[in-house]
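The values are calculated or read from the model by the stated rules, or taken from the named source; none is laboratory data. Everything numeric here is computed off the predicted structure, so don't read it as measured data. We place every Cβ from the backbone using ideal geometry, glycine too, and count neighbours over all the protein chains shown. Protein only, heavy atoms only, side chains kept; ligands, DNA and RNA dropped before computing areas. Shrake-Rupley method; radii C 1.70, N 1.55, O 1.52, S 1.80 Å.
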Amino acid sequence: TRYYRADLYPISDATHKVVSVAAIIADVTREHHATEIICQSEAQFRAMFDISGLGNVQSDARTGRMLRVNPRFCQLTGYTAAELVGRRFVDMVFPDDRPRKQNAFDRLIHGELAEYRDELRYLRKSGGTVWASLNVRVIHDEHGQPLSTIASVEDITDRKANEDALRSSERRFASLIDAIPQIVWLTNADGVPVAANPRWVEYFGVGID
């Protein structure tokens, strides 16, 4: 199948009466197929963007304002897409984390970073926060200029909570063995020393590196 474009031009006589029509026909099959490929690529991108298990955000490279968000990012933040589009992506970040995020975004746009990875807190509409792992890349136009950014955001709140619980448990354990009046020296399953209390250090004059 071939595709053609017809441009029609009326031809008038001296009295401005249209007496005929000239037609210029051009073969646009190649352009049509190129447009189809672009449309298919855009459709595939939209599908992957929307159904991803990660929160996805496309932002304008110049302003940092969100152009598109997927349902997972809306679920993560508690906002609707209509509430998010047009806002600056950095404004969704917890205030204490914003300077680091903005600095990395600027370096990314200026080509100083190939990609940006970080763990940040994001604000929820409810007033709470959610910990997320962030990965950002830049999309360039045909001239190599930054056009937009694509950010993937993964909820890591549970992992962070488990890490905090583990650190808290380790601190309590360290306090416990420090309070024991007897000498305490612990090793792992391979026999490598991992902990010693002050009585051990006092008695042997050496601690655990």
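Observations
- Within the stretch 178-193, the set of residues being surrounded by 10 or more Cβ atoms within 10 Å (Cβ to Cβ), in contact with a strand residue (DSSP E or B) (Cβ under 7 Å, 6 or more places away or on another chain) and at pLDDT 75 or above comprises VAL184, LEU186, THR187, PRO193.
- Residue in the stretch 94-103 that is of a type in the set (A, V, I, L, M, F, W, C) and surrounded by 15 or more Cβ atoms within 10 Å (Cβ to Cβ) present: no
- Against the test of being surrounded by 11 or more Cβ atoms within 10 Å (Cβ to Cβ) and within 27 Å of ASN70 (Cα to Cα), the options ASN197, ASN135 yield a single qualifying residue, ASN135.
- Residue count, the stretch 150-177 (criterion: free of Cβ contacts under 8 Å to residues at least 60 places away in the same chain and open to solvent by less than 80 Å² (accessible area, probe 1.4 Å)): 12
- If you go through the stretch 21-64 and pick out every residue that is open to solvent by less than 50 Å² (accessible area, probe 1.4 Å), closer than 25 Å to ARG137 by Cα, part of a loop (DSSP other than H, G, I, E, B) and at pLDDT below 80, you end up with 1.
Quick grid of which residues meet (1) within 23 Å of GLU83 (Cα to Cα); (2) modelled with pLDDT of 80 or more; (3) in contact with a Pro (Cβ under 9 Å, 6 or more places away or on another chain):
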| residue | (1), (2), (3) |
| --- | --- |
| LEU134 | yes, yes, no |
| SER148 | yes, yes, no |
| ALA151 | yes, yes, no |
| ASN162 | no, yes, no |
| GLU170 | no, no, no |
| ALA196 | no, yes, no |
| TRP200 | no, no, no |
